[in-house]
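The values are calculated or read from the model by the stated rules, or taken from the named source; none is laboratory data. As the structure is a prediction and not an experimental result, all values here were calculated from the model. Here the Cβ positions follow ideal geometry from the backbone for every residue, glycine too, while neighbour counts run over all protein chains shown.
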Amino acid sequence: MVTTVRKVVALSPSQAYEKELLENAFRKRSWEILEDVGEESPVHLQWAKARDVAWDRVLDGSLFANHFFLKTGVARKAGLARTLAVRT
């Protein structure tokens, strides 16, 4: 018996031209595309700006993202301040 795994991605690219390219790439590989990454969302991968990623879900292992955790928080003062405010 062959079981197919439901692959779900949430796309929120920073540039409009990226959206069509990403949608085509994910659809070609049989991914379902959703807009919402809520707590109950079945999304496995979130493609968004680092500041928009649902980091709590990434850190608890229920979501993957297209960014490294805290990269922005280390590289930019505004990102560091936002990260510290949320995590403390």
(1) at pLDDT 85 or above; (2) among the small types (Gly, Ala, Ser); (3) exposed (fewer than 14 other Cβ atoms within 10 Å of the Cβ): which one isn't true of residue 75, the others all being true? (1)
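Within segment 42-59, can you find the residues that are in a helix (DSSP H, G or I) and charged (D, E, K, R)?
The answer is 51, 52, 56, 57.
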Selection from segment 38-48 of residues touching a residue at least 24 places away in the same chain (Cβ under 8 Å) and out of contact with any helix residue (DSSP H, G or I) (no Cβ under 7 Å at 6 or more places or on another chain) yields 41, 42, 43, 44, 45, 46, 48
